[in-house]
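Student: Below is one structure. I have some questions about it.
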Amino acid sequence: MDIKKVAVIGGGTMGNGIAHVFAMNRIPVNLIETKQEFADKAMATIDKNLERMVSKEKISAEDKVTTLDSINATLSIAEGVKDVDLIVEAVPENFDIKKSVWEAVEANAQDHAIFASNTSSISITKLAALTGRPEKFIGMHFFNPVPVMKLVEIVRGLETDDETYNVVEKTSKLLAKVPVPVNDFPGFVSNRVLMPMINEAIFCVHEGVATPENVDEVMKLGMAHPMGPLRLADFIGLDVCLDILNVLYEGFKDPKYRPAPLLVKMVDAGKLGNKTGEGFYNYK
Ligand code: CAA
C-alpha cells in the first residue's frame with residue numbers, strides 16, 4: 001500500500017512540523033486542530049519555517065507555495081480522516097485526550113487506514129487497544145525540530161503487523177527521514193536514554209556541582225552535543241520531561257528513574273522552559 005494522503009491531528013510543535021515534512025515531500029495533508037486560532041497559528045509556523053528554508057536555499061519559493069497549498073487545515077476529525085491512508089496523531093500527552101481522539105478517528109477512518117501516534121511516552125499497545133485495528137496501529141515518533149531532525153523512531157506495539165511496519169518504514173524514507181525500529185517499552189529507546197541524562201544534569205545543578213551554563217558547556221564541548229542537556233530540557237519542555245520520567249519510573253518500578261526534586265519544583269512553579277519564557281534559562 002502507498003500512502004497518498006495523510007491526516008495529522010494536532011498542530012502544536014510536533015504536529016505542525018510533521019505536517020510540514022509530509023507536505024514538503026508531496027504527500028497532501030489534512031491538518032486537524034480544535035480551534036481556528038490554533039489552526040492559523042500552526043499554518044503561520046509552517047509558513048515561517050518554510051521561509052527559513054527558502055532563505056537558506058534549501059527549497060525554492062515555488063516549493064514553499066506548493067507545500068502550503070497541499071496542507072488543508074480543518075477543525076473536524078470526521079472530515080479530516082475520512083479520505084486518508086495514514087493518520088498521525090500528535091495531540092497532548094494525556095491519555096484521556098488521546099482516547100477521545102482515537103475513538104473519533106476509528107468511527108470515521110477508511111478500513112485500510114494505518115493509525116500512528118507520535119507519543120513520546122504513552123504505550124503504543126495501550127493506545128492500539130482503544131481501536132478495533134491494533135495490528136494497524138504503530139508509533140511514529142518524530143523529533144523536534146521535525147523538519148531538521150533525521151530520526152523517526154518506529155514503535156511496534158504488541159500486535160502491530162509486518163505490513164503496517166513496512167508501509168510506515170517506506171513512508172518515513174519518502175520523508176527523507178531515517179526510520180529505526182524499536183519495540184514498545186516505556187520511553188522506547190530515545191527517551192529511556194535521553195531523560196536519565198537530563199535528570200542527572202538537573203541533579204548536578206540541585207547539588208551545586210555546577211551552574212546550568214557550566215553543565216551544558218561540559219556536555220557541548222566535551223561530548224559534542226549540539227545543545228547541553230538543560231538547554232535541551234527547556235527546548236523539550238520541563239513538564240514533558242517530568243511526564244516522561246514519571247512514565248519510566250512507574251513503568252519499570254525502578255528508582256533510578258525518579259525525577260529530580262528540582263525538576264518537580266520548577267514545573268510546579270510554571271517554569272516550563274522556552275514555551276513559558278523561563279526554565280533553566282531566561283528567554284524573556
Ligand atoms: N524548521 C526548519 N529548519 C529549521 C528549524 C525548523 N523549525 N529549526 C532550525 N532549522 C534549521 C536552520 O535553518 C539551520 O539550517 P542550516 O544548517 O542549513 O543553516 C539548522 O536547522 C540549524 O539551525 P540554527 O543554525 O538556527 O541553530 P543551531 O545550529 O543551534 O541548531 C538545532 C538548532 C537544530 C535545534 C540544534 O541545536 C539541535 O540539533 N539541538 C538538539 C535537538 C534535539 O535533541 N531534539 C530532540 C529533542 S527530543 C524530542 O523531540 C522528542 C521527545 O520525545 C522528547
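The values are calculated or read from the model by the stated rules, or taken from the named source; none is laboratory data. Because the structure is predicted, anything quoted here is derived from the model rather than measured. With ideal geometry, Cβ positions are generated from the backbone for all residues, glycine too; neighbour counts draw on all protein chains shown.
Student: So which residues in segment 1-35 are among the polar types (S, T, N, Q) and surrounded by fewer than 24 Cβ atoms within 10 Å (Cβ to Cβ), if there are any at all? I'd like the intermediate steps shown before the answer.
Tutor: Here is the first cut: in segment 1-35, the ones among the polar types (S, T, N, Q) are 13, 16, 25, 30, 34.
Correct list: T13, N25, N30, T34.
Student: Does V101 qualify as being in a helix (DSSP H, G or I) and more than 18 Å from the chain's Cα centre (by Cα)? Spell out how you get there, then give the answer.
Tutor: Details: in a helix (DSSP H, G or I): yes; more than 18 Å from the chain's Cα centre (by Cα): no.
In short, no.
Student: Next up: Picking from V148, V155, which residue would you name as being within 15 Å of the ligand (Cβ to nearest atom), aliphatic (A, V, I, L, M), outside any loop (DSSP other than H, G, I, E, B) and at negative phi?
Tutor: Details: V148 fails: outside any loop (DSSP other than H, G, I, E, B).
From the options V148, V155, the qualifying one is V155.
Student: Any residue that is away from the ligand (no atom under 12 Å from the Cβ), touching a residue at least 12 places away in the same chain (Cβ under 8 Å) and more than 18 Å from N282 (Cα to Cα) - is there at least one of those in segment 202-225?
Tutor: Looking for residues that are away from the ligand (no atom under 12 Å from the Cβ), touching a residue at least 12 places away in the same chain (Cβ under 8 Å) and more than 18 Å from N282 (Cα to Cα), one finds at least one in segment 202-225, hence yes.
Student: Does V267 qualify as being at pLDDT 95 or above, over 23 Å from I154 (Cβ atoms) and either in a strand (DSSP E or B) or more than 14 Å from the ligand (Cβ to nearest atom) (or both)? Can you show your working first?
Tutor: Working: at pLDDT 95 or above: yes; over 23 Å from I154 (Cβ atoms): yes; either in a strand (DSSP E or B) or more than 14 Å from the ligand (Cβ to nearest atom) (or both): yes.
Taking the combined requirement at face value, the residue satisfies it.
Student: Here is a list: E57, E93. Which entry is buried (at least 16 other Cβ atoms within 10 Å of the Cβ), within 13 Å of the ligand (Cβ to nearest atom) and in a loop (DSSP other than H, G, I, E, B)? Give the steps one after another, and end with the answer.
Tutor: Numbers: E57 fails: buried (at least 16 other Cβ atoms within 10 Å of the Cβ).
After ruling out the rest, the residue left standing is E93.
Student: Return the residues of segment 103-125 that are surrounded by fewer than 16 Cβ atoms within 10 Å (Cβ to Cβ) and either farther than 24 Å from A78 by Cβ or within 9 Å of the ligand (Cβ to nearest atom) (or both); say none if nothing qualifies. Don't jump to the end; show me each part of the working.
Tutor: Step one: of segment 103-125, the residues surrounded by fewer than 16 Cβ atoms within 10 Å (Cβ to Cβ) are 103, 107, 110-112.
Those that are surrounded by fewer than 16 Cβ atoms within 10 Å (Cβ to Cβ) and either farther than 24 Å from A78 by Cβ or within 9 Å of the ligand (Cβ to nearest atom) (or both): none in segment 103-125.
Student: With respect to Y249, determine if the residue is within 25 Å of I122 (Cβ to Cβ), away from the ligand (no atom under 11 Å from the Cβ), of a type in the set (F, W, Y) and touching a residue at least 40 places away in the same chain (Cβ under 8 Å).
Tutor: Values: within 25 Å of I122 (Cβ to Cβ): yes; away from the ligand (no atom under 11 Å from the Cβ): yes; of a type in the set (F, W, Y): yes; touching a residue at least 40 places away in the same chain (Cβ under 8 Å): no.
No: the conditions fail for Y249.
Student: Just to be sure, is E153 within 17 Å of the chain's Cα centre (by Cα), acidic (D, E) and buried (at least 16 other Cβ atoms within 10 Å of the Cβ)? Break it down into steps so the answer makes sense when it comes.
Tutor: Working: within 17 Å of the chain's Cα centre (by Cα): yes; acidic (D, E): yes; buried (at least 16 other Cβ atoms within 10 Å of the Cβ): yes.
Criteria met by E153.
Student: Another question about this same structure. Take D40 and tell me if it is closer than 22 Å to T131 by Cα and either assigned by TED's automatic domain parsing to the domain that holds A128 or at pLDDT 95 or above (or both). Spell out how you get there, then give the answer.
Tutor: Details: closer than 22 Å to T131 by Cα: no; either assigned by TED's automatic domain parsing to the domain that holds A128 or at pLDDT 95 or above (or both): yes.
Spelling it out, it is not the case that D40 is closer than 22 Å to T131 by Cα and either assigned by TED's automatic domain parsing to the domain that holds A128 or at pLDDT 95 or above (or both).
Student: Which of the residues spanning segment 230-284 are among the basic types (K, R) and under 16 Å from I202 (Cα atoms)? Don't jump to the end; show me each part of the working.
Tutor: Taking segment 230-284 and keeping what is among the basic types (K, R), we get 231, 253, 256, 258, 265, 271, 275, 284.
Result: R231, K256, R258, K265, K271.
Student: Given the options E37, E51, name the one that is within 13 Å of the ligand (Cβ to nearest atom), more than 19 Å from the chain's Cα centre (by Cα), part of a helix (DSSP H, G or I) and among the acidic types (D, E). Give the derivation first.
Tutor: Numbers: E37 fails: within 13 Å of the ligand (Cβ to nearest atom).
Of E37, E51, the one residue that is within 13 Å of the ligand (Cβ to nearest atom), more than 19 Å from the chain's Cα centre (by Cα), part of a helix (DSSP H, G or I) and among the acidic types (D, E) is E51.
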